[in-house]
Amino acid sequence: MDMLTQIELDAHWWWLILAVVLGIGEIVLPGVFLIWIAVAAAFTGIVTMLAGGPVAVQLLIFALASAGITWFGRRWYLKNPVVSSDPLLNDRAARMIGRTVTVMEAIAHGEGRVKVGDGVWPASGPDMPEGASAQVTSVRDGVLLVEPMGKTQ
């Protein structure tokens, strides 16, 4: 028999290995969720090491610990939000406000299209000819609200 078939690990080691794997997953994958499940797996491993117990009891401990620790983690993050250096990072529309855009299709009767970077967006605002420069003042339902450059609100 080779060495791999001779390795037998106690149940608590499997839980601790699972905790490490989930911890690595938390580092590799975006978000903050797997860390709480990893803590629950580590907790289950420690309880199993100290008290033992059948697999069904271990799974119940893991399930309850996962739910409880995840609930606690969520509450903690709600009370202690992470301050971002770029709060609009994932809000593409809000990042448009204040940008200078070029009218690609004349804005007539309040509707037209403007070029933002390498994309074209629907726009709403006062009548403006094609090629005019405008500034984005707000965004509503995916439509950029624009004003001619130099005009104050």
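The values are calculated or read from the model by the stated rules, or taken from the named source; none is laboratory data. Being a predicted model, the structure only gives us computed values, none of them experimental. Glycine also receives a Cβ, built like all others from the backbone with ideal geometry; neighbour counts cover every protein chain displayed. The area values use the complete protein model at the heavy-atom level, side chains included, leaving out ligands, DNA and RNA. Shrake-Rupley method; radii C 1.70, N 1.55, O 1.52, S 1.80 Å.
Laid out as a table, the results:
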read-out: Estimated dipole of the chain in Debye, rounded to 20 [Cβ of Lys and Arg +1, of Asp and Glu -1, Cα centre]; value: 500 debye
read-out: Under-5 Å amide H pairs with VAL116, H placed in peptide plane, nonlocal only; value: TRP121
read-out: Residues in the range 33-49 that a label on ASP10 would reach, taking backbone N under 11 Å of a point 7 Å out along Cα→Cβ; value: 46-49
read-out: Charge dipole of the chain about the Cα centre (unit charges at C-beta), most positive-ward option of GLN58, VAL20, THR100; value: THR100
read-out: Contour excess over end-to-end distance, with Cα ends at PHE72 and VAL21 and 0.36 nm allotted per residue; value: 16.2 nm
read-out: Solvent-accessible area, 1.4 Å probe, carbon plus sulfur percent, for the chain; value: 64 percent
read-out: Additional length obtainable on full extension of the chain from ASP86 to VAL57, 0.36 nm per residue less Cα span; value: 5.9 nm
read-out: Surface accessible to a 1.4 Å probe, per residue, for the residues of the chain, Å²; value: 69 Å²
read-out: Label corresponding to Kirkwood radius over Cα pairs in Å when calculated from the structure given, among (i) 20.2; (ii) 18.8; (iii) 15.4; value: (i)
read-out: Karplus (6.51, -1.76, 1.60) ³J(HN,Hα), θ = phi - 60°, over the range 106-121, in Hz, Gly and Pro reported as x; value: 3, 8, 10, 6, x, 10, x, 9, 10, 9, 10, x, 9, x, 10, 10
read-out: Karplus-derived HN-Hα couplings along the range 65-75 (A = 6.51, B = -1.76, C = 1.60, θ = phi - 60°), whole Hz, x at Gly and Pro; value: 5, 4, 5, x, 5, 5, 4, 4, x, 5, 4
read-out: Other-chain or far-sequence residues with amide H under 5 Å of ALA132's (modelled H); value: VAL103
